Amino acid sequence: MQLNQRIEQVKMDAKERLNHVKTLQEFQELKADVLGKKGPFTELLSSMKDLSAQERPAFGQVINQSKAEVLAWFEDKSQQLEQQLVNEALQKEAIDVTLPGKTIRYGSRHLIRQIIEEVEDLFIGMGYEVKEGPEVEIDHYNFEMLNLPKSHPARDMQDSFYITEELLLRTHTSPVQVRTMLENTLQQPVRIICPGKVYRRDDDDQTHSHQFTQIEGLVVDSTATFSDLKGTLLVLAKQLFGEERQIRLRPSYFPFTEPSVEVDVSCYKCGGMGCSMCKQTGWIEILGAGMVNNNVLAAAGYDPQKFQGFAFGVGVERLAILKYGIDDIRNLYTNDLRFNRQFK
Ligand code: FA5
């Protein structure tokens with residue numbers, strides 16, 4: 001075979017095989033086959049020894065040109081393969097932005113917590129400090145320091161869970177006022193609210209629970225009056241329930257306040273007409289309040305001649321019931337997520 005023909009055949013053969021290459025590995029193998037040391041071009045160059053000295057340079061040039069041409073085809077193919085790999089990778093990693101996303105469920109604060117924080121925000125804005133105390137309390141702070149000695153009949157108002165003779169689950173948040181006044185050894189004015197859980201041996205029904213939440217409020221200084229108390233409670237009721245809800249104060253009795261009142265808010269369900277929720281009265285009791293009894297001030301080291309004050313204790317669950325029209329207090333404890341999620 002003529003050398004020219006052999007060169008053409010090598011080129012055509014290389015082109016044909018290159019067209020069939022699909023993968024990078026096949027490409028590398030073919031490149032080594034065609035352009036490597038043992039390949040046809042090396043063989044062509046060595047076959048030039050049979051040519052005359054005049055013919056050699058021209059053929060050498062043809063072989064080198066052909067090899068450069070074939071090399072260029074290989075480079076084109078290499079780029080094609082790289083592009084193909086990139087395209088395949090892009091296709092594999094493609095994200096369908098039109099697919100619906102996965103819903104991520106996230107938690108939220110419980111309704112009781114939300115109301116506590118709403119009340120805290122309101123009172124912090126009026127210069128109050130937030131204080132907390134222990135849920136397991138000593139009888140001395142829960143009752144005695146609040147003008148309720150051991151044999152006092154008013155202890156029956158708060159049926160208690162005793163742990164020992166002297167230790168009980170606190171029945172109200174009022175012991176936190178005692179603790180705060182006692183801590184305040186310089187007898188400075190006090191303005192606090194104290195949220196927390198309390199426990200009573202009450203029978204559970206739509207509006208009563210054996211464990212519930214109270215927020216205590218206490219102001220002690222030289223000028224606090226009953227009208228300040230009334231104004232403060234009105235601000236609280238309007239903040240929570242809106243302008244249209246009414247409150248009423250009923251004379252009441254607490255050993256730790258004198259005078260004492262019970263505060264009711266008009267029933268959300270019947271608007272005051274009377275229904276099963278408000279036991280046909282049109283009102284739901286939300287808090288007890290009054291002017292701090294002189295005995296309580298004196299026991300905590302505050303001179304009743306110089307200091308006076310008011311206090312209140314509000315039931316947070318009752319606030320939730322009224323604010324959101326909840327028909328059973330027990331819904332606040334059973335942790336049914338369908339219920340809880342309504343108050344996100
Ligand atoms: C007291 O606990 C007093 N310590 C409140 C107080 C503080 C009066 C400071 C004066 C000065 P009372 O027992 O009325 O008071 O409870 C206060 C509020 O807690 C009630 O108005 C009501 O909203 C709520 N409450 C009482 N018992 C329950 C119960 N079993 N379940 C749910 N909420 C209750």
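General remarks:
- Subset of the stretch 130-149 (residues that are part of a loop (DSSP other than H, G, I, E, B) and either open to solvent by 10 Å² or more (accessible area, probe 1.4 Å) or touching a His at 6+ places or on another chain (Cβ under 6 Å) (or both)): K131, E132, G133, P134, E135, N147, P149
- Filtered residues of the stretch 207-233 (kept if within 10 Å of the ligand (Cβ to nearest atom) and open to solvent by 50 Å² or more (accessible area, probe 1.4 Å)): H208, H210, Q211
- Residues of the stretch 150-176 that are within 11 Å of the ligand (Cβ to nearest atom) and either surrounded by 17 or more Cβ atoms within 10 Å (Cβ to Cβ) or not in a helix (DSSP H, G or I) (or both): Q158, D159, R170, T171, H172, T173, S174, P175, V176.
- Failed item in (1) more than 14 Å from the ligand (Cβ to nearest atom); (2) open to solvent by 10 Å² or more (accessible area, probe 1.4 Å), with Y302 passing the rest: (2)
- One residue stands out in the stretch 219-250 among those that are closer than 16 Å to I192 by Cα and acidic (D, E): the one that is nearest to the chain's Cα centre (by Cα), namely D228.
- Residues in the stretch 265-292 that are open to solvent by less than 30 Å² (accessible area, probe 1.4 Å) and in contact (Cβ under 8 Å) with a residue 12 or more places away in the chain: 14 in all.
- Tallying residues that are touching a strand residue (DSSP E or B) at 6+ places or on another chain (Cβ under 9 Å), outside any strand (DSSP E or B) and either within 12 Å of the ligand (Cβ to nearest atom) or over 16 Å from V292 (Cα atoms) (or both) within the stretch 177-201 yields 3.
Yes or no, residue by residue, for (1) at pLDDT 95 or above; (2) within 24 Å of M181 (Cβ to Cβ); (3) acidic (D, E); (4) more than 36 Å from the chain's Cα centre (by Cα):
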position	(1), (2), (3), (4)
R113	yes, no, no, no
N147	yes, yes, no, yes
K150	no, yes, no, yes
R155	no, yes, no, yes
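- Pair list, Cβ < 9 Å and 6+ apart or interchain, from the stretch 252-264 residues that are assigned by TED's automatic domain parsing to the domain that holds F241 and near the ligand (Cβ under 10 Å from one of its atoms) to residues that are part of a loop (DSSP other than H, G, I, E, B) and open to solvent by less than 10 Å² (accessible area, probe 1.4 Å): P255/F143; P255/L148; F256/L148; D264/C278; D264/G282
- Checking each residue in the stretch 104-124 for being part of a helix (DSSP H, G or I) and open to solvent by 70 Å² or more (accessible area, probe 1.4 Å) picks out R113, D121, I124.
- Options R338, R318; residue that is open to solvent by 50 Å² or more (accessible area, probe 1.4 Å), among the basic types (K, R), out of contact with any Cys (no Cβ under 8 Å at 6 or more places or on another chain) and in a helix (DSSP H, G or I): R338
- Contact annotation: no residue pair with Cβ atoms under 8 Å, 6 or more positions apart or on different chains, pairs a residue in the stretch 51-68 that is assigned by TED's automatic domain parsing to the domain that holds A14 and in contact (Cβ under 8 Å) with a residue 60 or more places away in the chain with a partner that is part of a helix (DSSP H, G or I) and not polar (S, T, N, Q).
Quick grid of which residues meet (1) under 23 Å from V130 (Cα atoms); (2) in a loop (DSSP other than H, G, I, E, B); (3) of a type in the set (V, I, T); (4) away from the ligand (no atom under 14 Å from the Cβ):
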position: V235; (1), (2), (3), (4): yes, no, yes, yes
position: E243; (1), (2), (3), (4): no, yes, no, yes
position: L249; (1), (2), (3), (4): no, no, no, no
position: M277; (1), (2), (3), (4): no, yes, no, no
position: I286; (1), (2), (3), (4): yes, no, yes, no
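The values are calculated or read from the model by the stated rules, or taken from the named source; none is laboratory data. Everything numeric here is computed off the predicted structure, so don't read it as measured data. Positions of Cβ are backbone-derived with ideal geometry, glycine not excepted, and every protein chain shown enters the neighbour counts. Side chains are part of the model used for accessible areas, which takes the heavy atoms of the whole protein and leaves out ligands, DNA and RNA. Shrake-Rupley method; radii C 1.70, N 1.55, O 1.52, S 1.80 Å.
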